[in-house]
Amino acid sequence: MTTTTPRLRRAGGKGAPPAAPPARRGAARRIRRGSLPYLFLLPALALELLVHLVPMIVGIVMSFKGLTQFYIRNWNEAPWTGLGNYKVAVDVDAPVGADLLRSFTVTCAFTLLAVGLAWLLGTAAAVLMQDAFRGRGWLRALFLTPYALPVYTSVIVWMFMFQHDNGLVNHVVHDQLHLTSGRPFWLIGDNSFVALLTVSVWRNWPFAFLIITAGLQNIPRDLYEASAIDGAGVWRQLRAITLPSLRPVNQVLVLVLFLWTFNDFNVPFVMFGGSAPPRADLISVHIYQASFVTWNFGTGSAMSVLLLLFLLLVTAVYLPVTAKLRGRDA
Amino acid sequence: MPETAPAGTAPRRTSGYRSPTAPPRSMIVTRWIVLGLLTAFTGLPIYVMATGSLKPLRDVSGEFRWIPSGLTLRPYADIWHTIPLGRYFLNSLIIAGGATVCSVVVAVFAAYAVSRYSFRGRRVFTVTVLSTQMFPGILFLLPLFLIYVNVGNYTGLQLYGSRGGLILTYLTFSLPFSIWMLVGYFDSIPKGLDEAAQVDGCGPVGALLRVVLPAAVPGIVAVAIYAFMTAWGEVLFASVMTDDRTRTLAVGLQGYATQNDVYWNQVMAASLVVSVPVVAGFLLLQRYLVTGLTAGAVK
């Protein structure tokens, strides 16, 4: 198609002279073209630098400093502590390190369950709604609503439902189904993990649903028709056509869900404020507390850097491994 | 389950009124059970929000009732006085609107460059921008706060505590996804189209504005929805970077719902009022999001 020609021409324009340069005005146009993409990128680049990259570097620098409340006004004067903050953060025998490790474990378990369930529900709904039926549009709109709702309103409504005395959940579980002897607490204690997981899955599964719905539309219908004529049942079609075709979509989707869930701050913060119960102490809120409640920003930054390193490591392992798996099956 | 369906079922149906891909009965039963459960799970909080906002106070402070004992619109009137909801609303509207417009403009140009030009650093740019998505917000919250304060001290440009500062912050939150999605979308528009426009005398910007943009409307709408929703729902930076004047709905409503004595009917009413603009916009435009994703990102 025509798609390759322009790019080839431009690639040539940078190094060797283009095959057929337009006469006279050619030179001027080429120079403009050479800087033009950078001009287009400049705003995005400047903003990314200002809001993401420079602060990140500052954050990394801060993690090597003893930045306590005494230095918050002029943080340049805070003493260098080398790896001191990191040592505190990973020393699992001391309270700070032990708490961080516990929070990390909780976050891992939470993320695995939340991503797994969100993906499962999203895939199930998308596959079951692949064929048109009456009311599909309405159902799709309903299913996408949790994704469209602002995080804080969703969490607030769930908090109301999880209330001890006047909540819907206890009304159903205790008053109507008599599953528990007393009214359980959901927002404090061990049950808070379940509450957090419920809200997270409720919020995230529609995103999986949306992405997989979009992915399913790229699978040619005649694949199904051909396989049906060859005698393949629904289950076999799912395993032989649908899931393999979705693999590239799933590769990105699962990674994005993982990163969002692992980094999630909004849900636990709105739900528990500054003090999450130990079982629901997700790492982002934990670091926030470690920084802002104790006013020790050096240690907080070191924890954030460790978190970033962990996420980079997971991504660096995940992408080649999944790509290889895809390559082998293809 | 559906595995046991006789292999001949589907083809036999073709002779009737259905396509060969028509599902067998067991599949239809499974479908209605699963979709029914999902409907209940998804719809329950929405039901609680809607009915809760219409209940008198005694209904929401006592034991939960499925059916309200009476209906009242009082909560909808009271929310504007109990907290300065109007001001929060205006702040959120300005901040989310501003962030959306800026984000879309910036993303369109960046995505066009990545999609249409081959230049040194193209891959580095793409990877860097996408990888900012994985940064924990908490890592750059405090540094960004310090940078904004210092920019204010040196240049007099008030970023901390101002709406402008939050617009700047939020627009970069949606930028990586927006660029990524628009690159995919622009890639799906034949390059011959803007080549032809340039031959006809449009400059590169003219080709982008007059030819590529009109063809990319679904992608742009999708990106705009995403940017608006991101800014409308953000909590962490809003709670640190705003003061009394510029407080957004995210912070205001959270405070409302975590007081000692919560008027749950009012909180539900406020939640509903706050959600309606985004949810309505999203549902009206969601088909663009699906087409945008299908053509662009999910390929």
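Nothing in this text is a laboratory measurement; each read-out follows from the coordinates by a stated rule. These numbers come from a predicted model, not from an experiment. No Cβ is skipped: glycine too gets one built from the backbone with ideal geometry, and neighbour counts run over all protein chains shown.
A few comments on the model shown:
- Sequentially through the range B:201-210, phi angles give Karplus couplings (6.51, -1.76, 1.60; θ = phi - 60°) of x, 6, x, x, 5, x, 4, 5, 6, 8 Hz, Gly and Pro residues having no value and appearing as x.
- J(HN,Hα) series, the range B:261-277, from Karplus relation 6.51 cos²θ - 1.76 cosθ + 1.60, nearest Hz, glycine and proline x: 10, 8, 7, 4, 5, 5, 5, 5, 4, 4, 4, 5, 4, 5, 7, 3, x
- Binned Cα-Cα distances of the range A:266-330, short to long, each 10 Å bin given as a whole percent: 20, 33, 24, 16, 7, 0
- Taking all pairs of distinct alpha-carbon atoms in chain B, Kirkwood radius in angstrom: 23.1
- 3J(HN,Hα) couplings calculated from phi for the range B:152-159 with the Karplus curve 6.51 cos²θ - 1.76 cosθ + 1.60 (θ = phi - 60°) are, in sequence order, x, 5, 8, 10, x, 7, 6, 9 Hz; Gly and Pro show x.
- Under 5 Å, built H, 5+ apart or other chain: amide partners of B:F64: A:G167
- Sequence-distant residues sharing a close amide H with A:D91 (under 5 Å, placed H): A:G97
- Ranked B:E63, A:E48, B:E195, criterion: other C-beta atoms within 10 Å, fewest first: B:E63, B:E195, A:E48
- Volume in Å³ per residue [convex hull over Cα atoms, computed for the protein assembly as shown]: 202
- Each of A:M271, A:M161 has some number of other Cβ atoms within 10 Å of its Cβ, and from fewest to most they run A:M161, A:M271.
- Each label point was placed 7 Å from the Cα along the Cα-to-Cβ direction; for A:T180 and A:K324 their separation is 4.6 nm.
- Pairwise label distance in nanometres, B:N150 with A:D131, each label 7 Å out on the Cα-Cβ vector: 6.3
- Over the range A:113-163: Kirkwood hydrodynamic radius from C-alpha pairwise inverse distances, Å: 12.7
- Between the range A:125-177 and the range B:43-59, the alpha-carbon centres lie 13 Å apart.
- The alpha carbon centroids of the range A:264-330 and the range B:255-296 are separated by 26 Å.
- The mean sequence separation of alpha-carbon pairs under 8 Å and at least six residues apart, normalised by the residue count of chain B, gives a relative contact order of 27 percent.
- Cut-off under 5 Å, modelled amide H: who pairs with A:K65 long-range: A:T81
- From least to most packed, judged by other beta carbons within 10 angstrom and beginning with the fewest, B:L141, A:L168, B:L175 follow the order A:L168, B:L141, B:L175.
- Of the complete DSSP H runs in chain A, those spanning 24 angstrom or more by Cα along the long axis with a mean Kyte-Doolittle score not below -0.5 are A:26-48, A:95-128, A:192-216, A:243-263, A:297-329.
- Principal axis dimensions, the range A:43-130 - Cα atoms, whole angstrom, descending: 61, 47, 19
- With q set to 0.10, 0.11, 0.16 Å⁻¹, the log10 of I(q)/I(0) for the range A:95-329, from the Debye formula over equal scatterers at the Cα positions, is -0.59, -0.70, -1.18.
- Rounded to the nearest 20, the size of the Cβ-charge dipole of the protein assembly as shown about its Cα centre is 2520 debye, with Lys and Arg at +1 and Asp and Glu at -1.
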